[in-house]
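> First the structure, which I've put down as structure tokens, then a few questions once you've had a look.
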Amino acid sequence: MVLSASASPLRFGGFVAEKPCRMRMKQAIRSSSSNNFDLRTYWTTLITEINQKLDEAIPVKYPAGIYEAMRYSVLAKGAKRAPPVMCVAACELFGGDRLAAFPTACALEMVHAASLIHDDLPCMDDDPVRRGKPSNHTVFGADMAILAGDALFPLGFQHIVSLTPPHLVPRSTILRLISEIARTVGSTGMAAGQYVDLEGGPFPISFAQEKKFGAMGECSAVCGGLLGGATDDELQSLRLYGRAVGMLYQVVDDIRDDDKKSYAGVFGSERAMEMADELSVKAKKELQVFDKYGDASVAPLYSFVDYAAHRDFLLHV
């Protein structure tokens with residue numbers, strides 16, 4: 001992947017990333033943190049519920065082979081379930097019922113798993129391992145992996161339509177959820193990011209980061225907001241927040257992995273750490289409009305930013 005490095009400020013999803021004053025940025029991050037919130041317990045509790053619902057959502061049917069391939073990736077050990085957990089947290093921010101959010105949360109994980117199956121294919125990134133275990137195509141073959149990914153995308157949509165409680169979520173909201181997810185995985189979202197990976201060319205690295213990694217975080221936060229009844233202005237703040245968190249997670253991964261094709265490889269680890277600071281501050285700034293809902297309600301979303309930046313605990317999943 002060839003990415004262009006420019007001396008001018010970089011644009012990330014509608015905001016300009018100027019070179020920061022590191023001390024000021026660090027102080028801003030600390031002042032916004034929800035230090036008393038136990039994210040690990042919150043996250044692992046939701047993972048248990050989500051895993052059970054995903055297991056129920058994909059029973060083995062005839063022909064068994066495709067369902068086994070789908071379950072292999074969706075139910076993989078070690079999955080952090082970040083998209084569904086963020087969706088539930090955003091829904092609950094506005095007083096929404098997590099029972100209303102679970103079908104969409106599970107659908108987001110299905111879509112996420114499908115994108116990873118396709119991303120790992122020999123014709124794409126050619127990764128034989130995912131989360132420390134053989135990738136889907138390594139176990140089932142590229143042909144079955146393609147089918148498994150293809151089947152998971154529409155299953156996610158069907159799951160939302162079939163299982164979202166109609167007394168909690170109006171049909172108009174369900175249509176907006178489906179539209180949001182479709183946009184995320186399509187040619188204006190993750191597919192565009194994968195295109196850059198395949199074709200290279202003079203694309204700014206911000207484009208690849210935003211489309212391939214920011215899009216899923218953006219979609220997860222917005223879907224949760226839709227389910228909770230957020231206003232259009234609140235949805236826009238959630239959109240920018242989720243995008244920044246998704247990109248932050250990947251930038252930190254780039255720093256840790258020292259990949260020469262990554263942001264850290266192109267611009268250097270120091271500039272990558274500065275960008276991580278910028279994304280952290282950007283995400284938390286977008287959350288300030290939600291402080292009116294109380295610390296307990298917004299704390300999970302603040303804490304996701306700190307986790308993406310620091311990875312200060314392990315999720316035993």
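The values are calculated or read from the model by the stated rules, or taken from the named source; none is laboratory data. Computed from a predicted model, the values in this text were never measured in an experiment. Cβ: placed from backbone, ideal geometry, glycine included. Neighbour counts: every protein chain shown. Ligands, DNA and RNA are stripped out before the accessible areas are found, and what is left, the full protein with its side chains, is counted by its heavy atoms. Shrake-Rupley method; radii C 1.70, N 1.55, O 1.52, S 1.80 Å.
> Please work out the Cα center distance from region 45-64 to region 170-234, rounded to the nearest Å.
Using only Cα atoms, the two centres lie 24 Å from each other.
> Could you put Lys61, Lys292 in order of accessible surface area, largest first, with the 1.4 Å probe and the full protein assembly present?
Sorted descending by solvent-accessible area, the residues read Lys292, Lys61.
> While we're on this one: What figure in square angstrom, to the nearest 10, would you give for the accessible area of Glu286 with a 1.4 Å probe?
About 30 Å², ignoring ligands and nucleic acids.
> Quick one: net charge around Leu93, please, counting Lys, Arg +1 and Asp, Glu -1 for every other residue with C-beta under 15 Å from its C-beta.
-3
> Give me the dipole magnitude in Debye, nearest 20, for region 90-196 about the Cα centre, with unit charges on the beta carbon: positive for Lys and Arg, negative for Asp and Glu.
Using Cβ point charges on Lys, Arg, Asp and Glu, region 90-196 gives about 360 debye.
> Lys and Arg at +1, Asp and Glu at -1: add these up for the other residues within a Cβ distance under 14 Å of Val185 and post the number.
Computed value for this residue: -2.
> A follow-up question, please. With every protein chain left in place, what is the accessible area per residue of region 143-228 in square angstrom, probe 1.4 Å?
42
> Go through Leu99, Leu226 and list them by solvent-accessible area, largest first, probe radius 1.4 Å.
Leu99, Leu226
> Exactly which chymotrypsin sites (Phe, Trp or Tyr not before Pro) in region 215-317 are in a DSSP loop and have at most 14 other Cβ atoms within 10 Å?
Hits after loop and neighbour filter: Phe313.
> Once you list every other residue whose beta carbon is under 14 Å from the beta carbon of Thr44, what net charge do they have if Lys and Arg are +1 and Asp and Glu are -1?
Combined, the nearby Lys, Arg, Asp and Glu give +2.
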